[in-house]
1. Summing Lys, Arg as +1 and Asp, Glu as -1, what charge do residues with Cβ under 13 Å from the Cβ of I774 carry, I774 excluded?
2. By how many nm would the segment from S267 to E933 grow when fully extended, if each residue of separation counts as 0.36 nm and the alpha-carbon distance is taken off?
3. Put L278, L290 in order of accessible area, largest first, 1.4 Å probe: what do you get?
4. If amide hydrogens are placed 1.01 Å from N in the peptide plane, which non-local residues have theirs closer than 5 Å to the one on S802?
5. Counting pairwise Cα distances across the stretch 586-658, what percent come out greater than 15 angstrom?
6. How large is the accessible surface of Y965 in square angstrom, using a 1.4 angstrom probe and rounding to the nearest 10?
7. Could you tell me the accessible area of R855 in Å² (1.4 Å probe, neighbours in place), rounded to the nearest ten?
8. If you plug each phi of the stretch 643-658 into the Karplus form 6.51 cos²θ - 1.76 cosθ + 1.60 with θ = phi - 60°, what whole-Hz ³J(HN,Hα) values come out, in order, with x for Gly and Pro?
Amino acid sequence: MSTAGPGKQFARHSSNFSKARPAPMPASPSRTSHSDRSIEDSNPLAIGDRPHTTRRARASSTASQPSARTPARSFYHRSFHEKLDPAQYSSSADLRDQTAELAAIAVSDNVSHLGSSPRSVSPTSDDGYPDAIEEVSEPVSPQAFEEEAVDDTVQSGLSLMIQNYTEQEEVQQSNGIQRISSEHPTSSSMAKSAVPDEQTALLGDRKTSGQYGQLGDVEGQISQRGGLRQKWRASVGRARSCCYVLSHPKTWNPRTIYREVVVHPVSLFPAVFLGLLLNILDALSYGMILFPLGNAIFDNLGSDGIAMFYVSTIISQVVFSSGGSVFKGGIGSEMIEVVPFFHKMAFTILHKVGEDNTKSVLATTILSFSISAILTGAVFFLMGACGLGSLIGFFPRHILIGCIGGVGWFLVATGVEVSARLPGNLEYSLDTLKQLVRADTILLWVIPLSLAIFLLVTQRFVKSNLLVGGYFLSVAAVFYFFKFALGISMGTLHSNGWVFDPPPAGNPWYHFYTLYDFKAVHWGALADTIPAMFALTFFGILHVPINVPALGISTGEDNLNVDRELIAHGVSNCLSGLFGSVQNYLVYTNSLLFMDSGGSDRLAGLMLAAGTFGILLAGPVVIGYIPIMVVGALIFLLGIELLEEALVGTWGKVHKLEYATIVIIVVTMGVWDFVIGILVGIVLAAVSFVVQTSRRTAIRATYSGQVAKSLVRRPPVQLKFLRETGQQIFLIKLAGFLFFGTIVGVENRIRALLADDAFSDRPLRFLVLDMGHINGIDFSAAEAFTRINRLLQKRDVMLIISGLDVDGEVGQALHNVGLFTEDSEVEIFADLNDALVHCENELLTALYRQQEHRRTKRAASHLDVPRNNRASQDLSQSYKAEFMGSSPRRNHLHQVAQSTLDEDTSSVPKWQSFKQPLPLLLQIFADVSDKNEDFWYRAMGYFDRRAYSQGSILFHIGDEADAFYMLEEGLLRADYDLPQGKFSELIVAGRPCGELPFFSHTTRTATTMAEKDCVTWLLDERRWREMQAQDPDVAQELLVISLKLTKERMDAITSYILTTAG
């Protein structure tokens, strides 16, 4: 007799049975070498307490295997230095064979199926256990353990019908497309056929242009090719048409010319005036402070800052209004957020070059401004061209809010600097405080601050678009009223800091271009500003994907495309940088006010650009007449509003950690540095994410094996046993992304299950981790599973993983850390049902070992036959090792197995002498009917025996139910294909099939095929009518039983579906 060699007989992940001699079931005694047996004997844990007896020796059981010792650290170096075999799923075919074998044992009381084939008892077996008891009767399926299951894909009639229907539908759809293309002529052909006929639509086609926002084929049913070419041709056609009209005066319509040239532009004047007022206020508020005016080198550049502001505004307005943006009334302007970064860049250059080289400082500073605009524009354009506009939505919003608050702090500080005429930056020191409270200084900044606060309060009660502009015009008017009333000269106002100093005489609006001198540029200082440039770019790109969608919602624009807006911003910023100006973007507030005032027209935007250019040409002379309190109040107003948005508007609306992050960013930007504030915000956002995510457990749900059950239709005795022993199975469903923060909660939960108190109350044998809802895993989490597996092995709990794609990202990550090596003994199943079937089969082997032990004792007490004393002794020792130990897990199995076999009424020995299908009827109906064999004897003649070979289809989904089946031998699989998903269940010997559709006269709900060679007993429609006529009481009892069986199956399926979805 051939014996197995030392070592493991099959890989834990593949479970491939040997074809030469079928291996025993995983929980049955298997053959090991004498050395392995000695190691197992030295293990204090009994054989039955281990789910697999072919385990490797524990590291703690012998000192002769240092390589198997549990490492001190959780990281396996060998996982990366040795080539790992690819992970494989546990064999589903072997799992089905094992399920069928267990069902055959339940059907036949006198047959032992614990072995795979009859073998003679040998006293010299190298495993110390007797071979399987020789079978008395014919085995259920002799080829079940010698042939591998063949996956014969049989296409159902319904699938063929659907496929044929789909093909016909595709042909009809393609024909329909041809009809559409023929029935919907081009614009040129439509122009020719102007006479309506029977084919003319009641609602004629709307004349639409090829511009953005055109709705064509909304559902995407007809693919349009050559879009760019068609748009180009349409644009060229419109240009030719326009040139033709302009070159042929006879085609001119005086009324149309008057309406389009006079009436329409005049109607846009109110909106244009409001837009000009907004641009002037913005230029005075943060255009003037583009350079740090508190420093002596930059104190005369206020007018240049305003001119650069106007240039940037005009360029952006022309780009947006010429079709770059989908918003016809969008207003472009300089970004207020650039001012703090420009000040940082200016001071960085000043410290690098020195105050004694004014020309180099100015040339380097203004060049850095324009280069940063080009860099921002290039990033905008690339993001839009690559379709990356949606990525900005993943950036934490509270960091942006914190940066906005930091800008607000900066504006308030700048307002104090500008109003109080402080030299340099505002320093938080006692000397600065003393200077601010001096008698000649305190009114300079208190009055603008009071004006800003008064306007903020007024805005809460007065809702008008003209409030802000009218307010500051009124302040300027009141200022000059007192100036003329008191007879104060302009020189006095200039010297005392009430009015801005006039720019040097003869400085035109283009004076800032004279500051460009590439020979005087300090390239080292320019390189030092690169970090600030990237920080400014990073901060700038966050606004467009946030403000543009908000403007689209406010204006009801449904054709918004963020990528298109990014491209438009890229063009406008690059042009602004090339023209020597600064960054710009689509301003949400100004655009909304402009469109609400009637400026939702591209002509209005172009008129606004022309008006702004006119103000630019007027020159900077007006600067010498602007009261400082007006500009200071504007700056205070903007700063307070931004601070209120960041600190007050988010109070109680965001998480406490997020609010703390906002406050820290604001303080860091205000006290230290803007770039450092952004970096601190990113770090805090990452820490906040880890902390908050760690609090949310990755455990989606947990179930005991008493709740989470497989879809196998098992005999009642097995179901009863599994209901009691299911607590030894524990299912944990994981979800989300597993990383070092969330895996801690999973590990702590498992450690709690393995604690002494919990383990004694709930002894576990199998831990199932369902990973079907995991979408990613990092190295720390993957490596933690190896540590979890070692903890389970110390308790002899088997780790089973289900719902894992071994070739996917998660599967490869777990494979790379060595979780699926042979000595890890981890089982992998493609779905949760297979994993539960495996665990249930392992538990059921203990039940039938108990049954075999009883049968052996019964035979030994009644028959005086020669027997091998060594084999009997080994069997007794095996039984005691399985059930008689002190382990809570073994005690529980022993008690449940004893009570289950004592209460089992479905395996009465006298039934075995009856002719089929009477024993089968009695076994199936034992728990759902109180009728005896005399009653069911009358039903025998109505059932016909029918055999099905492996792979045969009993019926398809949608077929008419023409029979009710009872399975005597073999294994069936029912496949359910529902709109919500697919699932399958196994039907083992001794269970019914197809009762509900048959008795209810409905169609089949599943496709059922023979997984193995099967023998069935069926009741067809003709026999059923005969039974109803001749034995109505039997027919009535069958109807009642069918309802009970259906209820049992619906409970099982509903429980599994809820478990899977939980």
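The values are calculated or read from the model by the stated rules, or taken from the named source; none is laboratory data. Keep in mind that what you see is a predicted model, and the values were worked out from it rather than measured. Positions of Cβ are backbone-derived with ideal geometry, glycine not excepted, and every protein chain shown enters the neighbour counts. Protein only, heavy atoms only, side chains kept; ligands, DNA and RNA dropped before computing areas. Shrake-Rupley method; radii C 1.70, N 1.55, O 1.52, S 1.80 Å.
1. Once positives and negatives cancel, what remains is -2.
2. So the extension gain works out to 229.9 nm.
3. Sorted descending by solvent-accessible area, the residues read L278, L290.
4. So S802 has HN proximity to L769, D770, M771, F829.
5. When all Cα pairs of the stretch 586-658 are counted, 75 percent exceed 15 Å.
6. Accessible surface of Y965 is approximately 10 Å².
7. Taking all protein chains as shown, R855 has close to 40 Å².
8. 5, 5, 4, 7, 9, 8, x, 9, 5, x, 9, 10, 5, 4, 5, 5
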